[in-house]
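The values are calculated or read from the model by the stated rules, or taken from the named source; none is laboratory data. Everything numeric here is computed off the predicted structure, so don't read it as measured data. With ideal geometry, Cβ positions are generated from the backbone for all residues, glycine too; neighbour counts draw on all protein chains shown.
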Amino acid sequence: MPAGGTLAPSDAVITPLDEIRVRADFPILERSIRGKRLAYLDSAASAQKPMTVIESMREYYAEHHSNVHRGVHLLSEEATTAFEGARDTARRFLNASLAEEIIFTSGTTAGVNLVAQSWGRSNLGPGDEVVVTTFEHHSNLVPWQVATQQAGASLRVVPLDSHGALDLGEYERLLGPRTRLVAVSHASNVLGTVAPIAEMTAMAHQVGALVFVDGAQAAPHFPIDLQALDCDFYALSGHKLYGPTGIGVLYGRAELLSQMTPWQTGGGMIQRVEFEGSTWAPPPARFEAGTPPIAEAVGFAAAMDYLSRIGFQAISDHEQTLLTYLTEQLETVPGITIFGTAPGKIGVVSFGLDGVHPHDVATVVDTHGVAVRAGHHCAQPLMRHLGVSATLRASLGLYNTRADVDQLVVALGDARRRLGA
Ligand SMILES: *Cc1c(COP(=O)(O)O)cnc(C)c1O
């Protein structure tokens, strides 16, 4: 299990992951792609959905749909129960103490923007500093760039060591009386590096700074215990966690959320409205203006239940074993460079092949039914740090097997021949 993972008591009895059964849960894996078996190695961009997620949303629409919260009729009551039930599923999944600390958003990006704007507007001023890291996804970088520019504050950047791990000595030196907040990814979507959040949070809190964690890549791979991490905000996306698109969670510490002003305003988030002015509902409603993604919340809860049933110990053991195999097999490919070798990394492997462009390789590999990603992975500053414009990335999910890795390696051999590498 990567660093930062802790086990919930329910995971105590472990059965190893049953590859065949798990794969059968994901109907899309039966598709053939360009006449070949699909080897889906792009879960870091978006994970595939198990039937239970798809079915939960179908059933919600077919039998229970109406708008939430304001209705007195039965369907509205059922929709409200389903939506608020999903909130409690998320609270348990993340081990937050209160359901009021769970805000449904459209995804990680929306969660970052919410805090950067709502919290940032009243808490960032001239001379203040926000600390980010070299491996941040644009989603956890650009909103802080905008918020600090608006406030006359500035960004400080934590450097990486040669393996792609955060340099904690430098991190400690960057923290000071002007640090207002640290924004850090729990796991890098390019390098796979896992950040030591509990340790970084304790250091930030010592100087009175808050910690915002981008958990988009961490939550699919190991259990998140928000009370143990002690961070102040945590954002994630449903679609990377085997759930639907269009939904995510923003966790915020209750005492912080209750002091924050809304980011978006409209229906559902007010207490009282007069032409002269309005007052706000308490969290989480204050931050959920408009009709929320109800069916998506239902599907997201089904995804979290699905993962909890399998258990993160089994998922992590399976993915870590496969990560070792993937790394060993890639190292047999001539001319390969792997970016990111930090201990305890998640199943995300970025690499380059000498003399050929990642996009050309990905195109050839696709003809073999292998889905990998090529590009800057929304991390242009990190690409600059690595001295490349793009990389290839193979990322693992709980449904991947050795057969997927073998198919990738054969496809890479063909790409080298065809592209003259
Ligand atoms: C995918 C990703 C995001 C953005 O998530 P969205 O679902 O596109 O909002 C942010 N951070 C990391 C590390 C990611 O991998």
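Residue-by-condition table, conditions (1) among the hydrophobic types (A, V, I, L, M, F, W, C); (2) closer than 22 Å to Arg253 by Cβ; (3) under 20 Å from the mean Cα position of the chain (by Cα); (4) in a strand (DSSP E or B):
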{"site": "Gly290", "(1), (2), (3), (4)": "no, no, no, no"}
{"site": "Glu296", "(1), (2), (3), (4)": "no, no, yes, no"}
{"site": "Gly299", "(1), (2), (3), (4)": "no, no, yes, no"}
{"site": "Met304", "(1), (2), (3), (4)": "yes, yes, yes, no"}
{"site": "Gln313", "(1), (2), (3), (4)": "no, no, yes, no"}
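For Glu172, indicate whether it is away from the ligand (no atom under 16 Å from the Cβ) and at pLDDT 95 or above. When the stated conditions are applied, Glu172 passes them.
Would you call Thr341 assigned to a loop (DSSP other than H, G, I, E, B), modelled with pLDDT of 95 or more and surrounded by fewer than 21 Cβ atoms within 10 Å (Cβ to Cβ)? Taking the combined requirement at face value, the residue satisfies it. If you go through the range 68-91 and keep only what is crowded, with 17+ Cβ neighbours inside 10 Å and assigned to a helix (DSSP H, G or I), you end up with Ser76, Glu78, Ala79, Thr80, Ala82, Phe83, Ala86, Arg87, Thr89, Ala90, Arg91.
Going through Ser162, Ser237, Ser154 one at a time, which residue ends up being out of contact with any Pro (no Cβ under 6 Å at 6 or more places or on another chain) and within 12 Å of the ligand (Cβ to nearest atom)? After ruling out the rest, the residue left standing is Ser237. Say we look at the range 107-122 and pick out the residues that are farther than 21 Å from Ala379 by Cα and of a type in the set (Ser, Thr, Tyr); which of these is nearest to the chain's Cα centre (by Cα)? So the residue we want is Ser118. Within the range 225-245, residues that are within 18 Å of His205 (Cα to Cα) reach partners that are within 11 Å of the ligand (Cβ to nearest atom) and part of a loop (DSSP other than H, G, I, E, B) with beta carbons closer than 7 Å, at six or more positions or on different chains, in the pairs Tyr234/Gly215. Would it be correct to say that Leu114 is touching a residue at least 40 places away in the same chain (Cβ under 8 Å), under 30 Å from Ala342 (Cβ atoms) and either surrounded by fewer than 24 Cβ atoms within 10 Å (Cβ to Cβ) or assigned by TED's automatic domain parsing to the domain that holds Leu160 (or both)? Criteria met by Leu114. Looking across the range 233-278, just one residue is farther than 30 Å from Gln48 by Cα and crowded, with 23+ Cβ neighbours inside 10 Å, and that is Leu257.
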